[in-house]
Every structure is written in C-alpha cells, then in structure tokens.
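I have placed the structure first, in the form of structure tokens, so that the comments after it can refer back to it.
The values are calculated or read from the model by the stated rules, or taken from the named source; none is laboratory data. The shown structure was predicted, so the numbers you read here are calculated from the model rather than taken from an experiment. Cβ placement follows ideal geometry from the backbone for every residue including glycine, while neighbour counts extend to all protein chains displayed.
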Amino acid sequence: MVNTVFRYDEPLNEPVKAYKPDSPETASLKATLKSMSGAAIEVPCIVGGEEIYTGQVTDWTAPHDHENIVCRWHGATPEVIQKAIDNGQEAWKEWSETPFHVRISIFRKAAELLAGPWRDRLNASTMLGQSKNVLQAEIDAACELIDFWRYNGLYALRLYGDQPASQPGMWNYVDYRPLEGFVYAVTPFNFTSIGGNLPTAPALMGNVALWKASSNAVLSNYYIMKCLEEAGLPPGVINFVPGKAREVTAVAMGSEHFAGLHYTGSTAVFNMLWRQMAEGLERFNGYPRIVGETGGKDFIFAHESADVEQLAVAAIRGAFEYQGQKCSAASRMYVPSTMWPDLKERMAAEIEQIKMGDIEDWQTFMGAVINEAAYDEITSYVDRAKTATDASIFKGGGHSKEKGWFIEPTVIECENPRYETMTTELFGPVLSVHVYDPARLDETLELCDTSSEYALTGAIFARDRTVAERLATALRHAAGNFYINDKPTGAVVNQQPFGGARGSGTDDKAGSPLNLTRWIAARTVKETFDAPRDWRYPHMA
Ligand code: NAD
C-alpha cells in the first residue's frame, strides 16, 4: 500500500534505429539472427508459468527459405486450453486486486527490457519467422510494442483519474474494475506488436487474458511472453495457447467466464467469431466486450495538383513494404489521366530497383509472403489479371515458390474501377491503379468511397489545399486513418491512433485511451456524509 497519486511523465516514441551496415546495432542483430537461423527452436504453450510441450508439433519455416526451420511449436490441446482458462480464473483473484501502479510498472519494465536486451531477439524472430526486413521488424517488434507498453500506462492513469463531480455532503467516484472473467486475445501474424498489445492492454487494466497467437508468428510471440515473465508479470495473468483456431475458440467460448474478445485479423474470421459469440450469450456470465480490427482496401487518391515524385514514393512504400501485408497497405490508387504517363514511368523505373529475397541480406526491401495459402491466393489474382479484358499488368506479375513464397511487386492497371483487385483485399504486393478523367473528379471520389466494403486507411495527394479539403470531405467515412500528402501506412502510437470502421472493424483505436475503456467495468460509488433522518420532503410540511 502506498499513499500516492502517481505522476507519469509523457513518454517519447521509441527512436527507430537505422541499422546502417557498419553500426554496432547491426553487428549485434546479425549475431542473434545467426544463432536463431535454422535453430528449430522448440516453442511450448505457457499456462500458469508452466511450459507445456504437448507433442502436437508444427514445423515453421522462414517464408523466404523452405530449408530454414525457425521453430517447432507445440499446439494447445483442448485439455491445455481448459487448464489455461481455469488457471486464469485463479490468477484473476489476485491480479484483479493488484494495485494499478504495480500493474503499470510491470509493463513499463517490459518496455525497457524490449528497448534493451530483448530487442534483438524480438527483431530477429520477427525477421526470420515473418519475413520482415530489418527496418520493418524494428518499427514493429521493437518500437511499436515499446510504445504500446509505455503509452498504455499513461492512458490508464489518465482514465483512472477521470472522475465525476461531487456536491457538498457527498463524494462520488468511479472504481474502474476489470471485467469478471477472461479476455480472449486472437492475434494476426503481420504485426508482432499487435500480438503483444492485444493480451497486455486488458491485462494492464487488471484483466486476465487467454492468448491465441497466430500460427504464422509463434516464435516472436513466444519471446514476448518470456520478456513479460522477466518483467515480473505473475503466472497465469496471460496464458499462451497457440493452436488450432477453431479448437481454441470452441473451448474459450464454451466457458461461462468468457468476458471479451480482443481480435485483429481478417474480416471473415471476425464475423464468424462474432456470430459464435452471439450464440453463447445465455452461457456467459455477462455481455462480452468485442473489439475487432479487421481488413482493409486502402487507397491513394491523387489529384492533378499532386507532386508526382512524392506520389510515386508513397505508392511504392505504401504498397510494397512488408510485401503489402499490412492492413494499411495501399492496394488501390486513383490517378488523373494527365498525370499517369509520368507517374507510370517513374514507378516502373523505381520498382526495377526493388530487391526481393532473404531478409538476412540488409539490402532486401521485400521478403516473401507469409505462407503457401497466401501465395496461392495472391498469385491466383495476379494470374487472372494476365488474361483479363478490363485490366492489365504493367509491372511485375512474376512469382516463384521454389526457395520461398516470393511474389514480385506488381502493378495492375484497371480500366474497370470495380475489377476484382480494385475491390478485394489481397494482402500481398499488388497495387491496382484506376486512371480517371479529371473532369469526372466527383464521380471518381464516389467510386473510391463506395467500391469496397472496408474503411481502414486512405491517402489523398493534392498541392492545392482547398482541393485537399474537398477530397477529405468527400472521403470522410472511407477511412479511419486518413493521410494528406503521405502514404497510408506507418501509424505511430500516440500520434495516429489506429483503426477503421465499416468492414474494417469496431474502430476502437489500438494504442489509444479509447481501446483501454473497453476492458473495464465501471462501478460508480456515491458516499453520503450525513444521510437524511426524516423520510418526509419539505413540500409535505
Ligand atoms: P487471419 O484472419 O487469417 O487470422 C487472424 C487470427 O485469427 C489468427 O490468430 C488466426 O489463427 C485466427 N483464426 C482464424 N480462424 C479462426 C477461428 N475459426 N477461430 C478463432 N480464431 C481464428 O488474419 P491474418 O492473416 O493473421 O492477418 C491478416 C488480416 O488481418 C488482414 O485481413 C489484415 O487486414 C488484418 N489486420 C488488420 C489490422 C487492423 O488494425 N485493422 C491489423 C493487422 C492485420
């Protein structure tokens, strides 16, 4: 017990290390990569602090190198999942009563560990396991997760300090309780930081979490657990149960203690989970909270007044960084016909220079896509475009699965603005471009707004500021993260809170106070200092 109203100075975003070829950080990270590469590290489930090797083993190879077995992870059996839920309920008794400064301090410490001794392990496992190049790993596994942990502590304190007014004779306050039960965290492969944030944001607020990590990102996610353990997170507060998605979900949602879903991934899976949850309503002890950040069909809309050089760079970085496997990746672009010949030439020349290959090579800009299913899906669209009558590939289109799941950066020119690659989320290095007549600006804006089910990110390019405002207004509901003269990717915690509406999710903005409010059950307390002693009111005299 301490008598303290805590002060928490505003953190700074973790600086992104440059990893220049001859820098000390490069030497250190390369040594870690070497030790992990091909090491086939055994990854267990973790329940109540116990490492459980179930024997249900999956070998995970680096997406860019089929020969490189990165880890062998053990999937949770139904018994292990049930044990994790029971154990979490036990842990809840103490954790839900643990003072907030203790909880916050654990995640602040985790942030410092990740900024220091754990940085290389998280970056290297993300590079090898998820095929990110060094910079993409650094901004995700290190910097973004550090930021989540540092800023969420500040947001939690501010939230706890948000209290109602009191009149003389009474004292009103709100006790921000955790939910009764556990939060089910289901995480995607493409951001290690999201893996870390989804179970820890509820845990910070006093909840326990059951974490089903993505089968495509188990190694880096396991290291997050180990980092949290070192930071002092008590056993059972987060139980780590990678496994068969349907099996884990059946046990999780079969429990009366299921109190919330913290999900990031595709829209189709989220819809399925929501339906499954609705069917369980009579079973649960309370109404579960639902947070889901889902898919996108993110756009760049160029006006005639746009700077064409900046536009080309934004398109290339926005569409092809991390092989287009960012929920925010630019995947469709609207370009005025007056600008297209120039832009096309510039983009073609730049794309020629993109190096694709092994992420252990520092010059690599693009690695491979995550797995065979993704490769088959994305290339089916690319190959169909080769023979389409209303679309044509102007750059890229090649692919090979010989060494890894490699797909060239591809640009498809779509005469038909509703061609399938203009409207479907492919989640790969494919950018579709529709060239429009500048005289039909309003019509094209409406197309952009209405031709996909999503509304996650979007960017407009225009030097004329009044035009930019007109575009921003026309596209007001088309994106939850909107950029003016910048690429639509690269949101930073505390600067651009992230999330979208429509088919892109519940827009609860990861890395912001809005998200934390989803993991509390507020109890309002009114304390009266001198309660009435007569039941009669004055008007009755
Ligand atoms: P995914 O939908 O394949 O998987 C997401 C998670 O759901 C994984 O853990 C997976 O195992 C799990 N899952 C799959 N079927 C399930 C089931 N029946 N029950 C329970 N869990 C199940 O997505 P992914 O390939 O990992 O990630 C890519 C998708 O995520 C893209 O659609 C992308 O746009 C989206 N995404 C969105 C955001 C955002 O903030 N909006 C961020 C990152 C990724």
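Among the residues in segment 161-183, are any crowded, with 24+ Cβ neighbours inside 10 Å, in a helix (DSSP H, G or I) and away from the ligand (no atom under 15 Å from the Cβ)? Taking every residue of segment 161-183 in turn, none turns out to be crowded, with 24+ Cβ neighbours inside 10 Å, in a helix (DSSP H, G or I) and away from the ligand (no atom under 15 Å from the Cβ).
Within segment 57-99, being within 30 Å of ALA368 (Cβ to Cβ) and over 27 Å from the mean Cα position of the chain (by Cα) holds for one residue alone: GLU67. Within segment 283-311, restricting attention to residues that are within 11 Å of the ligand (Cβ to nearest atom) and not in a strand (DSSP E or B), the residue that is nearest to LEU210 (Cα to Cα) is THR294. The residue of segment 246-263 that is surrounded by the most Cβ atoms within 10 Å (Cβ to Cβ), among those that are more than 18 Å from the chain's Cα centre (by Cα) and under 23 Å from GLN130 (Cα atoms), is VAL248. In segment 264-278, the count of residues that are among the aromatic types (Phe, Trp, Tyr), touching a Ser or Thr at 6+ places or on another chain (Cβ under 6 Å) and surrounded by 15 or more Cβ atoms within 10 Å (Cβ to Cβ) is one or more.
Of all the listed residues (GLU420, GLU402, GLU372, GLU408), the sole one being acidic (Asp, Glu), assigned by TED's automatic domain parsing to the domain that holds ILE354 and either on the phi > 0 side of the Ramachandran plot or touching a residue at least 40 places away in the same chain (Cβ under 8 Å) (or both) is GLU408. Has segment 448-469 got any residue that is acidic (Asp, Glu), within 16 Å of the ligand (Cβ to nearest atom) and out of contact with any helix residue (DSSP H, G or I) (no Cβ under 6 Å at 6 or more places or on another chain)? The answer is yes; a qualifying residue exists.
Let's see how each residue does on (1) touching a helix residue (DSSP H, G or I) at 6+ places or on another chain (Cβ under 7 Å); (2) of a type in the set (A, V, I, L, M):
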| site | (1), (2) |
| --- | --- |
| LYS30 | no, no |
| ALA39 | no, yes |
| CYS45 | yes, no |
| PRO99 | no, no |
| ARG103 | yes, no |
| PHE107 | yes, no |
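Residue pairs whose Cβ atoms lie under 8 Å apart, sitting 6 or more positions apart in sequence or on different chains, and linking a residue in segment 49-69 that is on the phi < 0 side of the Ramachandran plot to a partner that is outside any strand (DSSP E or B) and among the charged types (D, E, K, R), are HIS64/ASP358; HIS64/LYS403; ASP65/ASP358; ASP65/LYS403; HIS66/LYS403.
On the stretch given as segment 496-541, residues that are under 19 Å from LEU159 (Cα atoms), among the hydrophobic types (A, V, I, L, M, F, W, C) and modelled with pLDDT under 95 total 1.
Has segment 6-14 got at least one residue that is surrounded by 12 or more Cβ atoms within 10 Å (Cβ to Cβ) and outside any loop (DSSP other than H, G, I, E, B)?
No, because not a single residue in segment 6-14 is surrounded by 12 or more Cβ atoms within 10 Å (Cβ to Cβ) and outside any loop (DSSP other than H, G, I, E, B).
Of all positions in segment 286-300, at least one carries a residue that is over 24 Å from the mean Cα position of the chain (by Cα) and within 21 Å of THR506 (Cα to Cα). Filtering segment 287-310 to residues that are in contact with a helix residue (DSSP H, G or I) (Cβ under 6 Å, 6 or more places away or on another chain), over 30 Å from ASN515 (Cα atoms) and of a type in the set (A, V, I, L, M) leaves ALA302, VAL308. For TYR19, the criteria (1) surrounded by 17 or more Cβ atoms within 10 Å (Cβ to Cβ); (2) assigned to a strand (DSSP E or B); (3) not small (Gly, Ala, Ser) hold in every case but one, which is (2).
What about GLN323, is it buried (at least 20 other Cβ atoms within 10 Å of the Cβ), within 16 Å of the ligand (Cβ to nearest atom) and assigned to a helix (DSSP H, G or I)? Spelling it out, GLN323 is indeed buried (at least 20 other Cβ atoms within 10 Å of the Cβ), within 16 Å of the ligand (Cβ to nearest atom) and assigned to a helix (DSSP H, G or I).
Pairs meeting the criteria (first residue in segment 262-273 and on the phi > 0 side of the Ramachandran plot, second residue acidic (Asp, Glu) and surrounded by fewer than 24 Cβ atoms within 10 Å (Cβ to Cβ), beta carbons under 9 Å, at least 6 apart or on different chains) are lacking. Is it the case that segment 396-419 has a residue that's part of a helix (DSSP H, G or I) and either in contact with a Pro (Cβ under 8 Å, 6 or more places away or on another chain) or modelled with pLDDT of 95 or more (or both)? No, segment 396-419 contains no residue that is part of a helix (DSSP H, G or I) and either in contact with a Pro (Cβ under 8 Å, 6 or more places away or on another chain) or modelled with pLDDT of 95 or more (or both).
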